[in-house]
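Here is the structure we will look at.
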Amino acid sequence: MHASFHFYDYQSLAVTSMTLQLTLSFSLCHVSGVSLNMAHKLVQVTLCLWVFTSLLLPSPTAGLYRVSLKKQRLNLNRFKAARIAMSGGGMLHNYGSSDGEVIPLKNYMDAQYYGVIAIGSPPQNFTVLFDTGSSNLWVPSSKCYFSIACYFHSKYKSSRSSTYTKIGKPCEINYGSGSISGFFSQDNVEVGGVVVRDQVFVEATREGSFPTFVLAKFDGILGLGFQEISVGNATPVWYNMLNQDVVREDVFSFWLNRDPSANEGGELVFGGVDPKHYKGKHTYVPVTRKGYWQFDMGDFLIGNNSTGVCEGGCAAIVDSGTSLLAGPTAVVTEINHAIGAEGVVSAECKEVVSQYGDLIWELLVSGVQPDKVCTQIGLCVLNGTRYMSGIKTVVEKENMEGLSAGDQLLCTTCQMTVFWIQSQLKQKGTKDTVLNYVNELCQSLPSPMGESVIDCARISLMPDITFIIGDKPFKLTPDQYIVKMGEGITTVCVSGFMALDVSPPRGPLWILGDVFMGVYHTVFDYGNLEIGFAEAA
C-alpha cells in the first residue's frame, strides 16, 4: 500500500484491500432513496455490514512469535534510474538459515497478507497489513467515534498502557482507496516476539472510503518502506528494529503462499531469510530510489515476443500491499488484449481511431516525434507535459486544470493510440492491419478502476508473461497471473495486470505486487540497498 497517494496527485501509490465479491455484496445493502432517520440508517448499514464481514473479522491469536497473517481477497480499487545490478546480472546471495524473527502468514483468498502485532503495556493486539509500499504504522484509536470502520476493528486505548507517551500532533495519510486521519502517539510495539521501544505511530480517529476500511481484514497498516515517504517524518518500525539491535541482520524477506486453502499462508522474516522457502540463489538488483523499494526493470515479454516498452529500462517497485501487477494503461491494455481479458469498451478510444487513426499513422511515418502527434492534431493542447520513452502517457495535474473531463480523456486516448501505432510500426505492419489491431485494443481497455476480467476456460491458452530483472528472466504462467474469485460456477477470473498511470517525477512506474511476490521469494536488503528475487519453494 502506498501512502500519500491520490488518483490525481501521484506523490505515491495506492492500495485497497477489498474483494470484488465483497464490493458487489455491499452494494446490495446501500441505503438510498429511503426515508429513514440517521439512527435507522446507521442500524441498517451496520446490520448489512455485519452479514458481509462476519467471516472476515480477526480471530484471536495464541502468541506473538508467529503472527498469523491472512491474505484478503483481490485488490481491485487501487492502487503504487540506475544500472541494473552488476555485469553478471545482479549479485547472488545465499543465506544458510533465517536467524530472524519469523512471522508465519496465513493466506486469505490470494490477495492480502496481514498479521498480529501488539502495542502498549500490557499488550493490545492488532491485525496489520505489512506493507512495503508505505512507511507509517497506524491503528484505530479508541477516540474514533464517527467512522463505522472503527466499530469493526480493534482500537488502541492509550489509557490502558503504562508505556504510552502523548504526542498529539495531527496527521492525515491518503491512499488511493481512501484516507485515514488522526494524531501521533508513542508506545512500545511488539512484532514477532521482539519489542520495539518508544515507537511513534498514528492513532486513527477517522477512516474514509466507506466501505474499504470497513470490510478490510486488517485493523491498520505497518509500513516497511523508507523514511523518505513517511508521513510526518515518523521513524518506521523497521528502522527502530535496527536502531535498537533487536534483529541480527538488516534484511527482511517475504514468502507468500498462493494456495488460499493451505494452512501456512506465507512467512515474513525480520532480520534474515528462511532458506526452505526458495530454490537456488537470489538475483539482486540495486535500489535506485529510496522511498519505495524501487529498482530498474528491463524488458518484459508476452509469450516469446518482446514488447519493447522497457528497452531503455523501466522504474518498478516491489509492493507487498498491492494484490496485482500494475503498470501504464497503454501497456497493460496490450497485455490484457493478448491474454483475452476484457474491460470497459471505450467509445472515445474507437472514435479517436476512426477519426484520427489515418492522420496519426501518416504523421508517425513522416517522422513526427510521437510526443508531438497529439498536439499537432489538436487533441492535446498543453505545454510542459511529460512522456515515457518518448511517448506521452500521463498529463501532470497542474497542466490538467481548466480542461473538461472529456478533453482530458480524448488527450489520454490519443496518447495511447500513438503508443500502440508506434509499437506496430516497429513490426512493419500495414496501415489497415495496424488500425484494426488498435481498434481491437479499445475493446480491451480496463474498467475505470483498472481491472479486467477473463473467461476462466481460456487460461490454458494464454501466453506466459516474462519480466527481465537483473538481466535474468522471471516468468509468470497464466495460472500464476490470473486471480480466481469464488467457487464453482460463480468463479470469476481476473487478470493480474491492472492499469495505473503514475505521473512524473515518480512515474511512469510498474508495481510488482502479491501476484509476483507469490511466485518469487523476495528479500529486502536494507544494508546493501538492494532487492533479491528467487523462485519460491
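The values are calculated or read from the model by the stated rules, or taken from the named source; none is laboratory data. Keep in mind the model is a prediction, meaning the values are calculated, not measured. Using ideal geometry, Cβ is built from the backbone for each residue, glycine included, and neighbour counts are taken over all protein chains shown. These area figures cover heavy atoms from the full protein model, side chains too; ligands, DNA and RNA do not enter into them. Shrake-Rupley method; radii C 1.70, N 1.55, O 1.52, S 1.80 Å.
Some values worked out for this structure:
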| item | result |
| --- | --- |
| For the stretch 469-537, alpha-carbon Rg relative to the globular expectation (2.2 N^0.38 Å, N residues) | 1.38 |
| Rg and Dmax [Cα atoms of the stretch 414-537; Å; Rg one decimal, Dmax integer] | 17.6, 54 |
| For the stretch 515-524, Karplus couplings with θ = phi - 60° (6.51, -1.76, 1.60), whole Hz, Gly/Pro x | 4, 7, 5, x, 8, 10, 4, 10, 10, 9 |
| 5 angstrom amide H check on L476, placed H, neighbours 5+ away | I465, T466, F467 |
| Integer Hz, Karplus 6.51/-1.76/1.60 couplings in order for the stretch 425-440, x for Gly and Pro | 4, 5, 9, 6, x, 6, 4, 4, 5, 5, 5, 5, 5, 5, 4, 5 |
| D514, D464, D432, reordered so the largest accessible area comes first (probe 1.4 Å) | D432, D464, D514 |
| Residues V492 and D464, FRET efficiency given R0 of 25 Å [Cβ-Cβ distance, rounded to 0.05] | 0.65 |
| 3J(HN,Hα) from dihedral phi, the stretch 480-485, Karplus parametrisation 6.51/-1.76/1.60, rounded to Hz, x for glycine, proline | 8, 9, 9, 9, 9, 10 |
| The stretch 162-251: trypsin sites (Lys or Arg not before Pro) falling in loop per DSSP and having at most 16 other Cβ within 10 Å | R248 |
| Amide proton proximity set for I103, modelled H, under 5 Å, gap of 5+ | L268, V269, F270 |
| For G518, distant residues with modelled amide H under 5 Å away | none |
| The stretch 245-284 - accessible surface per residue (Å², probe 1.4 Å) | 40 |
| Calculated Rg and Dmax of the stretch 192-260 using C-alpha coordinates, Å | 14.8, 41 |
| nm² value of the averaged projected area, convex hull over the Cα atoms of the stretch 216-322 | 10.1 |
| Kirkwood-type radius of the stretch 256-371, with distances r between different C-alpha atoms, in Å | 18.7 |
| In the stretch 256-357, the GluC sites (Glu not before Pro) that fall in loop regions by DSSP, at most 15 other Cβ within 10 Å | E264, E311 |
| Local electrostatic count, I302, Cβ distance below 10 Å [Lys/Arg +1, Asp/Glu -1] | -2 |
